[in-house]
Amino acid sequence: MDISPILNGFGVVLEPTNLLYCLVGVIIGMLIGVLPGLGPGATIAILLPITYGIDPVSAIIMLAGIFYGAQYGGTITSVLLRLPGEASSVVTVFDGFALARQGRAGTALGIAAIGSFVGGTVSIIGLTVLAPVVAGFALDFGPPEYAALGILGVLLVSAIGNGNRLKAVIAACVGLLIATVGRDTFTGAERFTFDSLNLAEGIDFIPIAMGLFGLSEILYNIEERHNQVHSPAKVGNVWPSRKDLGQAKGAIGRGSLIGFLLGVLPGGGAVLSSLAAYAVEKRRAKQPERFGRGAVEGVAAPETANNAAATSSFIPLLTLGIPANATMALIFGALLIQGIQPGPQLVTEHPDVFWGVINSMYIGNILLLIMSIPMVGVFVRILRVRPAILAPITVLITLLGAYTVRNQVYDIFLVIGFGVLGYLMKKFGFEPGPLVLAFVLGSMIESSARQSLLIFGGDPAGFLTRPISGTVLAVVVIVAAWPLIRKALPRKKPAAVPGDSDRVEEKTP
Amino acid sequence: MSQPDPTPSGVADAGLQEEVERLHAEMEEARPPHAGPISQAAAALVALVVGVLAATGSYALGLGRLTQPGPGLWPFAISVVIVVLSVVLLVTGRRLEDTERFSKSSLLTAVALVTLVALAALLPVIGFEIPSLLLTFVWLRWLGKESWRSSIVISIGAVAAFYVIFVLLLQIPLPRLI
């Protein structure tokens, strides 16, 4: 393996501006992880206009930092307030809060920070080794493969995400539909523009993401009161003792592996892996009853796994150009805004972006370790900021930010429109994530599918006879039919561990 | 199936799943009650209407043929999927519990929406300062239930900070009064 591009990547990261953006990204990530309300997806969406004006490498380094930084920050509220900052920190609550009640909040945070660091770093090493290989393999993919992969990506994110699948797939289809608005690139016909000049250019990604992810979350949170806010537990010594470290060592190792593997799978990611890692530790433990009452492993495993997964979910994006989750869809969109097409060519055409982003994660994780152990007190203090004060400021950033992209009030109205749409979707049980992801992939899927039809001379059977696209489409059918298959198989509660992990594998390529 | 389920049944064991469910139930308590079969049907019907409208729209665009796909073929295919899935949702989804009832506090969201639209409408006319000030103030005082004093102080401070950052430092061409 030629390592000079990797070393050049370090050169890119160590440029002072990029270091600064990395630092800004991880600090913002930590903050929004700690603060209730906005998640990393919403934050990245709101900050998209800023990335418009800066260099692509710096922009993506910052956005990536927000994403994995939030995984660190989410731990703090789980442990101290029993409020998971992120969905992927839900299981950390069990043992983390139990430890905090025993006066060992510091230990929990320290172990979580070390686990997060190890998991993140192991995953980056895996990313460094694996990503170029996958990208090389994908280089001979043609339009049929891309069409099939895109459909699989949209379907997996809809199927594995939260909530009802049927609704998620409907939302995804609406996203695909919105992507068709504007002038058709093949025939020049105007689609669904209703003779509006604004719509003729199609709908821009930024207002959609800002509205559906950012504004809708704010509007939704206005109603949802965080009634029971505990005052944070006192944080003592955050340096874990040798005994705690010894206890957590195995959990951190296994958590890294589980997180890395599940994070690569589209739709899998941080939430699934934190649960899996916790379950594995509980099952392996000699005294499983300790779990839920302050077992150090019960904090180490999920926190390690969610960080490893957050990092490895970059692999499908950077190598295949398929975002593995809704947040990756935002980073995909941010790359497109910068005129960079994520995909197998990324590593050869834009090695500075590819290696710059990957290597920035090493630095980012070190920065986060420093912020989560010696500087944790600063972030604990931030817990006292009331959400009511942040909401209007976030709204202003969103609306004025949307305006600055093209200096058009029309864009503000678009953001408000999509914000209301997202709010209503949440009220009626539809997740906005699949819609945004499908919107991002929509034009790629359509043009690949149409190019394929031209290649095949109009015969759709061509998708099935090509080995890779055929296999991918077979998986699509399995995923789509999975709920029916599961109903058809009369099975009791699964008992064995190996069978369980097999079932996860089956859903995914 | 009805609640957002973070534990795909394959991964977690029964005990863990119970624990996660318990925690979820606890967090759900803070949320408004679910809205029942009528809102489920309404949601499915809206999706159905979207699908039907999009299908007719794309049909009008021209489907072409597989050798020569017209501009309407792809949106038509998606619309058909939407129509089929919404019908399935309409039939099977009545017992789902993932919709939320609109409550009194939904009025707060409506107020918030009015401030947003007002900001967008006034921005090109009188610049960003006064609309932003009004928006932050309304959000703090009535949506966030902050005291009069802190609402005034924070809204003025926030808009001043915006002015300094956006206008003076970053020199972004926002429409403005001053």
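Read-outs: derived from the displayed coordinates by stated rules, not from any lab. Everything numeric in this text was worked out from a predicted model, so none of it was measured. Cβ sites come from the backbone with ideal geometry, for glycine too, and all protein chains shown count toward neighbours.
Amide H contacts for A:Leu83 (H built 1.01 Å from N in the peptide plane; partners 5 or more residues away or on another chain; cut-off under 5 Å): A:Ser78.
A:Gly39 sits among other residues whose Cβ lies under 12 Å from its own Cβ, and their net charge, with Lys and Arg +1 and Asp and Glu -1, is -2.
Annotation: amide H of A:Arg183 within the under-5 Å range of A:Arg191, A:Gly202, sequence separation 5 or more or interchain, hydrogens built in the peptide plane. Across the cross-link table entries A:Lys426/B:Lys145; A:Lys167/A:Lys487; A:Lys234/A:Lys282; A:Lys234/A:Lys286; B:Lys104/B:Lys145, which are compared at the Cα atoms, the separations over 22 Å belong to A:Lys426/B:Lys145; A:Lys234/A:Lys282; A:Lys234/A:Lys286. Please label the shape of the stretch B:106-169 as rounded, prolate or oblate, based on the square roots a ≥ b ≥ c of the eigenvalues of the alpha-carbon gyration tensor (a/c under 1.5 means rounded; beyond that, a/b larger than b/c means prolate, else oblate). Oblate is the answer for the stretch B:106-169, as a/c is 1.5 or above yet b/c matches or exceeds a/b.
Near A:Ala179: Cβ cut-off under 11 Å, other residues only, Lys/Arg at +1 and Asp/Glu at -1. The net charge is 0. Amide H contacts under 5 Å for A:Arg386: none, restricted to partners 5 or more places along the chain or on a different chain, H placed in the peptide plane at 1.01 Å from N.
With a ≥ b ≥ c the root eigenvalues of the C-alpha gyration tensor of the stretch B:46-178, is it rounded (a/c under 1.5), prolate (a/b larger than b/c) or oblate? Don't skip to the end; give the middle numbers.
Values: a/c = 4.22, a/b = 1.81, b/c = 2.33.
Judged from the Cα gyration tensor, the stretch B:46-178 comes out oblate (a/c at least 1.5, b/c at or above a/b).
How would the protein assembly as shown be classified by its alpha-carbon gyration tensor: rounded, prolate or oblate, with rounded meaning a/c under 1.5 and the a/b versus b/c comparison settling the rest? It comes out rounded by the Cα gyration axes. Relative to the longest principal axis of the Cα atoms of chain A, the long axis of helix A:92-101 lies at roughly 30 degrees.
Suppose we take every Cα in the stretch A:330-405 and form the convex hull; what volume per residue is that in Å³?
Values: hull volume 9.3 nm³, N = 76.
In the stretch A:330-405, the Cα convex hull volume per residue is 122 Å³.
Taking the number of Cβ atoms within 10 Å of each Cβ as an exposure proxy, the fewest-first ranking of A:Glu201, A:Glu303, A:Glu297, A:Glu223 is A:Glu201, A:Glu223, A:Glu297, A:Glu303.
Enter the angle in degrees (range 0 to 90, nearest 10) between the Cα long axis of helix A:497-506 and the first principal axis of the Cα atoms of chain A, meaning the one along which they spread out most. So the inclination is approximately 20 degrees. Helix A:143-160 and the long axis of chain A differ in direction by around 40°, with both axes built from C-alpha atoms.
Just to confirm a number: summing +1 for Lys and Arg and -1 for Asp and Glu over residues other than A:Ala334 whose beta-carbon lies under 15 angstrom from that of A:Ala334, what do you get? It works out to a net charge of -2.
Based on alpha-carbon atoms only, what is the radius of gyration of the stretch B:37-95 relative to the globular estimate 2.2 N^0.38 Å?
1.30
Using the number of other C-beta atoms within 10 angstrom as an exposure proxy, rank A:Glu190, A:Glu431 with the fewest first. Walk me through the numbers on the way to the answer.
Details: A:Glu190 17, A:Glu431 24.
By the 10 Å Cβ count, ascending: A:Glu190, A:Glu431.
Going from the fewest other Cβ atoms within 10 Å to the most, the residues A:Val415, A:Val472, A:Val436 appear in the order A:Val472, A:Val415, A:Val436.
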